[in-house]
Every structure is written in structure tokens, then in C-alpha cells.
Amino acid sequence: VHVKRVYNFSAGPSMLPLPVLEKAQKELVNYADSGMSVMELSHRSGLFTDIITGAEQLLRDLMNIPDNYKVLFVQGGASQQFAMVPLNLLTNSKKADYVNTGSWSKKAIKEAKKYGDVRVIASSEDENFSYIPEIDSSMIDPEADYVHITTNNTIEGTAFRNIPDTGGVPLVADMSSNILSEEIDVSKFGLIYAGAQKNIGPAGLTVVIIREDLIGGAPESCPTMLDYKTHSESGSLYNTPPTYGIYIAKLVFEWLTELGGLKEMEKINRKKAELLYDFLEQSNMFRSPVKKDSRSIMNIPFVSPSAELDAAFVKEAKAAGLETLKGHRSVGGMRASIYNAMPTEGVEALIQFMKEFEEKHAQ
Ligand code: PLP
């Protein structure tokens, strides 16, 4: 049977690998001959224990997570981490340094200001967040409890090429839109967090990778569910976790592992992004608004000469099976989010469509 599938360029929730969806479909009603769906399993059952411990081990292997880091499966999205990070990590000086590289950074900064003395040490707001500012350790307050960056800026289409040296101050990263897209050195970070709905699985699950010494500093008044210690001590089973999301995440981790891990995924992602950026470079109609050395390989915004052409593009692309290409309302134009599950053929189909659109609408 032919199943209808489109190339979905949504910034999130976004595409999942087709083999993952097919496996979930096959197991939906009767998981591992239990006569139950994963959705119906007790989170304390043996079958679910195997799922959550298996998911954690796969993620540890994929990202090469050192033993002195905990992996937590929580809820509340990356937005809840905007509060949990300062609540738990502002333990000594109650000072934190943030880098402002876009809309999500701004939200993280705004939230952290509720809990401590937040300083913005660098910002690209002066140029519409179209670049990543240079950071060196001399800009960082050595007394700060942590430094926060957004490694990939989903809306603006920028990404840190190099992980800044923070001179020993713990580095916290919002990796919601580029986790698992390339190899990273986890040991350079104190804490990494990501909402699942781009490269991990369904919305509703949030992954936190935290160095053990950063756990346990939350004040008495910290709500139990917002304390990393609660989730760390209970193996993410203090209360009912998002069980189905964790199951799908495990299938995604298996898919990534079979594909060859992050080294291979990174190669594919770089190739996909290069195809699109190379096309934009020579196009007479479309261009990237992002500075070359700051470009994301996950989210690629592009603009045409007019709002009318933008609107026509999004509409005609949808009719051609290329979905959700409208840019974020704060940026305008178009944006192609090409996360791990977007096949190379999807990017090629987009480029072919752009070529034809350009010919059709040439002045
Ligand atoms: N941070 C980044 C970089 C994002 O792209 C998003 C978007 O989903 C968020 C934070 C917010 O995540 P959530 O919707 O999971 O709270």
C-alpha cells in the first residue's frame, strides 16, 4: 500500500524517520507480545524499564556521554528548562552570563532574571540576530555560576561553529534544534537540554544531560518537580514520565545507531545543508540573510525580493508536497528546517522546486 507522505520542513514538531513510524505502527497494539500497547504499560513494569534504560544507553553511546553525567527524561519542554537551569544552578554567586543570539535566548534570559543576577555578555540583536558573536573567556565573569548559550537558533538560522571556552565556568546549552545532528564533546558542557520535538521524538519529552556535581544545589523552596535531584535520584521515574515519547525516542536512537551514529548523521546533514546553501548562493531570486560563518545546518531561512513572491512560494510549494516553508513571523520570508529525518531527496526536491519557481516568476 502507498502511504501518503510529504516533505515537511516544519521547525518543530517535525518529520520522524519513516522506519521509526512504521515500527511504532507495527507494535502499536501489541508490544513485544505483551498484549498491550506501550501507551498502556505501567511505567514501573519490566517492559517499560527495558525501554527507558535502553533509550538512555543508546543516547549515551551515540553522544559518548561521560559516566559523570546523568541523563534525565523530563517534561515541560525546553521552556521549562529556562527556569529549571537558574533555579538549580544559581548556587553560589547567584550570577549567570548569557549570550543573546535570538528569540529563544531572549526567553531564557527573561526567565533567568527572575532568579538571579543575569548579565548579557554578547548579543547579535544589533544585526537582527544574523550572526553569532565572538565569545572568549575574558568576557566571562569567573564568579558566574554558569554561562548559557543557544547552540542553534531555530528561528534565525544561526549556529555556534565553535563551543566557547568559558575558563572553567559551567557551560549550559539549549540544544533543542541541533542535538544529535553532529558530533559534540559533551565534556565541554555542564548541562545540555533539548525539547524532543525536532531530532529526538514527539513533543512532550525533554532531555537533560547534566554533570553530577551540578545536581543538588536547588533551594529548599524549589518545587520538587523542578529539582534535577528528584529526577536524577529516581531514574526519571519520580512520577509518570512521558512513556510513549521515551519509547519513540528509543526507536529514533536505534535508527541513528544503525545509520552509523552521529559521525555519519553529521556527514549527511552537512551535505544536505551545503546543497541548499550552494543553490542560494547562485540564485537570482533567493538569498540567505545569515552571515556565512554563522549558518545553521538545521534551519535555513531564505528570502525572495518581495512579500508577494514569498506568499506565492509557500502556497505553490505546499501544492507540490513541500510543507511548512513559511518563515517565522518575526523574520518573514521562508525557512526550511532540515533536521535528521529530512531525507536528502527532500532537500533536492525543494531545490528543484525553487529553480522552477525562479524561472516561472523571473522578471
Ligand atoms: N529553544 C529552542 C532553540 C527552540 O527551538 C525551541 C522550540 O521549540 C524552544 C527552546 C522551546 O521549546 P519547547 O516548545 O519545548 O518549550
Conditions: (1) of a type in the set (A, V, I, L, M, F, W, C); (2) buried (at least 16 other Cβ atoms within 10 Å of the Cβ); (3) not assigned by TED's automatic domain parsing to the domain that holds P86. C222 meets all but one. Number of the miss?
(3)
Give the residue, chosen from K271, K250, that is surrounded by 16 or more Cβ atoms within 10 Å (Cβ to Cβ) and among the basic types (K, R).
K250
Determine whether V172 is within 15 Å of the ligand (Cβ to nearest atom), at pLDDT 95 or above, within 23 Å of T243 (Cβ to Cβ) and crowded, with 17+ Cβ neighbours inside 10 Å.
no
Of K95, K113, which residue is under 30 Å from M298 (Cα atoms), at pLDDT 95 or above and away from the ligand (no atom under 16 Å from the Cβ)?
K113
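Within region 18-46, can you find the residues that are among the acidic types (D, E) and either at pLDDT below 95 or surrounded by fewer than 14 Cβ atoms within 10 Å (Cβ to Cβ) (or both)?
Result: E22, D33, E40.
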Every residue in region 95-136 that is of a type in the set (A, V, I, L, M) and assigned to a strand (DSSP E or B), please.
A96, V99, V118, V120, I121, A122
Can you give me the number of residues within region 71-99 that are within 19 Å of the chain's Cα centre (by Cα) and either surrounded by fewer than 21 Cβ atoms within 10 Å (Cβ to Cβ) or among the hydrophobic types (A, V, I, L, M, F, W, C) (or both)?
15
Which residues, counting only those in region 128-169, are buried (at least 16 other Cβ atoms within 10 Å of the Cβ), over 24 Å from M298 (Cβ atoms) and charged (D, E, K, R)?
D141, D145
Pairs, please: C-beta under 6 Å, at least 6 apart or cross-chain, first residue at positive phi and in region 93-114, second within 10 Å of the ligand (Cβ to nearest atom) and not charged (D, E, K, R)?
G102/N153; G102/I155
Number of positions in region 175-203 that are surrounded by fewer than 20 Cβ atoms within 10 Å (Cβ to Cβ) and away from the ligand (no atom under 12 Å from the Cβ):
6
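The values are calculated or read from the model by the stated rules, or taken from the named source; none is laboratory data. Nothing here was measured: the structure is a model prediction, and the numbers come from that model. In this analysis, Cβ positions are derived from the backbone assuming ideal geometry, glycine residues included, and neighbour counts consider all displayed protein chains.
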